[in-house]
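Comments concern the structure below.
Every read-out reported here was derived from the displayed coordinates using simple, explicitly stated rules and does not represent laboratory data. Quick caveat, the model's predicted, so the values are computed rather than measured. Neighbour counts are summed over all protein chains in view; Cβ atoms, including those assigned to glycine, are modelled from backbone coordinates with ideal geometry.
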Amino acid sequence: MKIQVETDRNVAGNEALLLFVEGKVRSALERFQDRLTRVEVHLGDENGEKAGSSADKRCMLEARAIGMQPVVVTEFANSIGDAVGGATRKMQSLLTSAFGRIDGRDADATIRQNEAT
């Protein structure tokens, strides 16, 4: 599973941030690593230096799984760390549901095939 981190012009993409984000994403999605080819992380600060909503830090995760269309989640929070944490929890839930449905269909197909023989 390759993890690619992108930042907008309002987020400093320094080495410490990249290592933190990669570690957080890898840890959260490690149980899916054999099924995922790539996870793209897009970090942004919606308001930049302007005054406004404090929940303006954005983390969008796009996961690409073998045999599936890409899936995307987005989380807004007060900090990049909180946004990454929220987005990884959403992605865990989404992938658990998606792979559960796929695995259920595969199991049903195997049972029908065994009953036919």
Count neighbours as other Cβ atoms within 10 Å of each site's Cβ, and list the GluC sites (Glu not before Pro) in the range 13-50 that are DSSP loop with at most 11 such neighbours.
GLU49
Local electrostatic count at ILE66 - Lys and Arg +1, Asp and Glu -1, tallied over other residues with Cβ under 12 Å:
+2
Do any chymotrypsin sites (Phe, Trp or Tyr not before Pro) in the range 19-88 lie in a loop, going by DSSP, with at most 12 other beta-carbon atoms within 10 Å of their beta carbon, and if so which?
none
